[in-house]
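Bear in mind that the values in this text are calculations on the coordinates, not laboratory data. Quick caveat, the model's predicted, so the values are computed rather than measured. Here the Cβ is made from the backbone with ideal geometry for all residues, glycine too, and neighbour counts use every protein chain on show.
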Amino acid sequence: MRLTTTQLVISLLIALTLGGFLAYALWKQRKEAKQLLDEHEKKVKAAGPAATQPLQLQAYERLMLLVDRIALPNLISRTNQTGLSAKEMQALLTMQVRQEFEYNVTQQIYVSQESWEAVRNLKDQNILIINQIASFLPAEATGQDLSRSILEMLMQSPKASLHNVVADVLSYEAKKLM
């Protein structure tokens, strides 16, 4: 089927009209969204810091809980399962750390950059410790062996664990808000 010139022109006019209408609708929608966002920002600024302080304090509280939950001794006692190989325990521990962190990732918008970096560094350090210790264990090692090795390393070198330092940073930042 071959289109005549008239049909082609009509098709192009319809397409251009539709395209123009869609572009206008999108522009109008974005303009309205920007106006709403501007109005919201003005309200937040007018309310002052007192409006966001409860959210910030709640975020610090949630991050303190996160730090406690991913502290290696606490993590090991919570995930202690018999019958796992060292590789399975390694996967379980690292998965738990990542899940806890991901569950609380939105809290970063309410806390200082330094506090968030400290929490992220703790997560990364704990995963690194788990993976490094697991890499030194023999292939037939059990999950109990991995857990024991991690706890022994922490007892021999208490400075290897950042969780107390991160908790102190979060506590200090939260107290500045009060």
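Of the complete DSSP H runs in the chain, those spanning 30 angstrom or more by Cα along the long axis with a mean Kyte-Doolittle score not below -0.5 are 5-47, 49-70, 113-136.
Residues whose amide H comes within less than 5 Å of that of SER85, counting only those at least five positions distant or on another chain, are GLY143 (H built at 1.01 Å from N in the peptide plane). Look at the dipole of the chain built from charges on Cβ: of GLN7, GLN90, ALA160, the Cα furthest out on the positive end belongs to GLN7. Multiplying the residue separation of THR17 and GLN29 by 0.36 nm and removing their Cα-Cα distance gives an extension gain of 2.5 nm. When the listed pairs LYS123/LYS176; LYS31/LYS123; LYS123/LYS175; LYS34/LYS176; LYS87/LYS159; LYS34/LYS175 are checked against a 30 Å cut-off, the alpha-carbon distance exceeds it for LYS31/LYS123; LYS34/LYS176; LYS34/LYS175. At what distance in angstrom do the alpha carbon centres of region 103-148 and region 51-70 lie from each other? Taking the Cα centre of each part, region 103-148 and region 51-70 sit 19 Å apart.
The Cα trace of region 49-177 gives Rg and Dmax of 16.0, 57 Å, the first to one decimal, the second as a whole number. The value of relative contact order for the chain, using C-alpha pairs under 8 Å at least six residues apart, is 30 percent. Within a Cβ distance under 12 Å of ALA71, other residues only, what is the Lys/Arg minus Asp/Glu net charge? Result for the neighbourhood of ALA71: +1.
Fewest-first ordering of ILE14, ILE127, ILE70 by other beta carbons within 10 Å of each residue's beta carbon gives ILE14, ILE127, ILE70.
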